[in-house]
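Report on the structure given below.
Nothing in this text is a laboratory measurement; each read-out follows from the coordinates by a stated rule. Here the structure is a predicted model, which is why all the values come from computation and not from measurement. Because the Cβ atoms are built from the backbone with ideal geometry, glycine has one as well, and the counts that use them run over all protein chains shown.
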Amino acid sequence: MSEAEEKCHFCREVPFKYTCPKCNALYCSVGCYKSKEHLKCSEEFYKSCIQDELSGATVTQESQEDVRKIYDILKRMRETDNGFCPQDFDNDGLENPLDSDGGDEGEAEEDDGEEEIPGEEDLLEDVEEDIAARLKGVDINDADEVWSRLTTEEQEEFQKLITNGDIMKLMPDYKPWWIKPKNSKIVVIPTPEEAAKKQSSAPEIYGNIAKFSDICKKTPSPCLHFNLWNILSAYACVARFFGGEQRTNASEAVAHLVNLSATLKYGTNFEDAEDAIVSVEMEAITTGNGPAGAAAVGSAGAGANFLVESREQLQQDARALMATKDHKLAALSDVLHLLQQTKAMSRRKNPQEAEFQKLFALASGSVELDRTKLAQLVRKIEFMLSYVAREEVI
């Protein structure tokens, strides 16, 4: 390799130190990476980083990211109502998108020759301030309370977004905790804190798993292994549907989970892993989760299947979850937590408190999840946890 080829592609003065993972250009510093010649590629990289950060944000009760998500969704709804096209705005939702020429903003506007719509910026600011005022002090994780603060027009627009499937376009990309990151040309060595945070993305394994021999004296049936495939396949669909935030609306998540898993809904036993996986896809199509049932309650358009993206994706998720004992235990522990949380919530007597969940979850389901049914499901998942935990002594 000649000396010229080893120089930075942008300043052409010093030897390169890094390689761009997108275009393979050689560069020596951040300044060269962000140079005008490399601007298009670097902008896409920063947008991708921001989207990744949004999709992996930790949910807390007073999370500002959660508030921002609500703002963005409602702002886009208002933009549609007022005749604005969301595609005219920066797709990453940033208030200050990157300058494409790196020059003065005033000069850029003059060069483009585009006339700004009078009052447009002020209108959007007023909309955001109005939404912020109505959601001030509200627990964003309380779906009923958030729903009650929306105007009638916003509630109708939200239902329209669900009906035509556009609601999924507003959601950030979700990277499931059970999926290994793809290989990259740039290797980043995480700090101990970052490594611990990455490991904590998986649900915490239930700490009180009973010994299998104490609850079952018989040799476990072979069908238990394939039933586990069915349950975890359904869990993967629910986790993806909620973007990893299923615990923020446990009752709806459980309703979908039970509808998707024939093992949980009917007590079906499977004798083959492929049948167990395909059953989840079929349940999504033929029950309240699919076009027929969803259309009946006005929560999905005909032909839409929001819970199962594709059979290939479903198979990949099922294999990844079944690949290790820790993955199985973590997923089952998450299911158990959802069931216990839903069971606790079922004690509420005021029917108005569950209006949101009934509209978008229970009304589209085919199984009544009363406390008796939930208690049965809790015992079943606890049994499956004991069954999986015994693998280490086989």
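The table below lists the values:
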quantity	calculated
Cβ-based net charge around LEU314, under 14 Å, with every Lys or Arg adding one and every Asp or Glu removing one	-4
Sum of side-chain charges, THR163 neighbourhood, beta-carbon under 13 Å (Lys, Arg +1; Asp, Glu -1)	-2
Label-to-label distance, nm, for residues given as PHE383 and THR268 (7 Å Cα→Cβ offset)	1.8
Extended-chain gain in nm, criterion 0.36 nm per residue less alpha-carbon gap, LEU170 and SER201	8.9 nm
Positive minus negative residues near ALA276 (Lys, Arg vs Asp, Glu; Cβ under 15 Å)	-3
Cα shape, segment 213-280, gyration tensor, a/c 1.5 rule	prolate
